[in-house]
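Below: the structure, in structure tokens.
Readers should treat all values here as calculations from the given coordinates under stated rules, not as data from a laboratory. Keep in mind that what you see is a predicted model, and the values were worked out from it rather than measured. Ideal geometry is used to build each Cβ from the backbone, glycine not excepted, and the neighbour counts take in all protein chains shown.
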Amino acid sequence: MALTLHSYWRATAPYRVRIGLNLKGLPYDYAPVNLLKAEQNDEAYAGLNRQELIPALRTGDGHVLTQSLAILEWLEEVHPEPALLPKNPFDRATVRAMAAIVACDIHPLNNLRIQKQLTALGVDDAGRNVWTQRWINDGFRALEPMVAVHGRGFAFGDAPTLADCLLIPQVYSAERYAVDLAPYPAIRAVADAAARHPAFAAAHPDNQPDAVKA
Ligand SMILES: N[C@@H](CCC(=O)N[C@@H](CS)C(=O)NCC(=O)O)C(=O)O
């Protein structure tokens, strides 16, 4: 099955999927969608994802998958090894809760279209930064003790899970928005471990074909 990921180098939702694909050892073609040029709103892409958001994953057999969490869960079902979810149902619920804090309660408040709407309502750069940092800190304050209790190298246990697929891109975003990560030593330790892991390193925004070098 030839996989094609519609992605933008700096966007965190496709970054999650890149990590998942790499952890599963699945090669894929990279189809850039330039968010700064609003290519997500072009009909060519909107026909794939009616939400006009990335990622979309074309599976090569006519299916187009959207929503990064749904894509990661599909990957887990179709390619169960290496597992992104633990075996025990309570542990699985904890990993999914960690992922949901990022996917449901941090990222949707800070996404590009939200930033654009804040600008349209007259919020300036400084105000948008306060807004963005607020939601990242709220989520990280909840995640930090979870990682401290359950993590042994990664967010849950000693191997990457779905939680890391979500957490690491969110840490990247936190750094972009100059969030002070000092209060989150457990999260920082996971980010350090991920930076040394080849699947995460290959998925990093700077290593994407459409990356803009500073
Ligand atoms: N819940 C969606 C979020 C997708 C999403 O918001 N993607 C962002 C990039 S990280 C996007 O396409 N933004 C474009 C925009 O806001 O116009 C998912 O997890 O796939």
- Label-point separation, Asp210 to Leu118 (7 Å along Cα→Cβ), nm: 2.3 nm
- Qualifying trypsin sites (Lys or Arg not before Pro) for region 1-73 [loop in DSSP, other Cβ within 10 Å: at most 11]: Arg50
- Cα shape, region 120-214, gyration tensor, a/c 1.5 rule: oblate
- Note on the structure: Expressed in nanometres to one decimal, the distance between label points 7 Å along Cα→Cβ at Asn88 and Arg141 is 2.9 nm
- Item | Gap separating the Cα centres of region 147-214 and region 1-46, nearest whole Å | 18 Å
